[in-house]
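Throughout, read-outs are computed from the coordinates displayed, never taken from laboratory work. Computed from a predicted model, the values in this text were never measured in an experiment. Positions of Cβ are generated from backbone atoms using ideal geometry, with glycine treated the same way; all protein chains shown enter the neighbour counts.
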Amino acid sequence: MFGTSFDHYLNNLSKVLQRSEDMNLALNWEKHHFMRQKRVILGHVISNKGVDVDEANVEVIEKLAEPLV
């Protein structure tokens with residue numbers, strides 16, 4: 001969800017929730033977090049700047065031992 005302003009965000013949120021209701025979808029409210037400026041999803045940071053790699057994952061990979069051949 002995104003919006004260029006708070007009202008735009010609320011309008012988009014309303015559309016998504018209405019569409020979910022129209023399609024009889026059940027939402028797991030424990031997994032939904034609203035009004036965040038950035039969010040990590042599947043190892044990527046999603047924000048108003050776009051999609052970036054989560055640096056925490058890069059650090060973990062860099063510290064892995066080299067595989068044995």
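A few comments on the model shown:
- Neighbour-limited loop hits for chymotrypsin sites (Phe, Trp or Tyr not before Pro), segment 1-56 (at most 11 other Cβ within 10 Å; DSSP other than H, G, I, E, B): Phe2, Phe34
- The chain, Rg to Rh (Cα coordinates; Rh as Kirkwood inverse mean 1/r): 1.17
- The chain: relative contact order as a whole-number percent, Cα under 8 Å and 6+ apart: 14 percent
- Only aspartates and glutamates eight or more places from Lys38 in sequence, or on another chain, were considered; those with a Cα closer than 18 Å are Glu30, Asp52, Asp54, Glu55.
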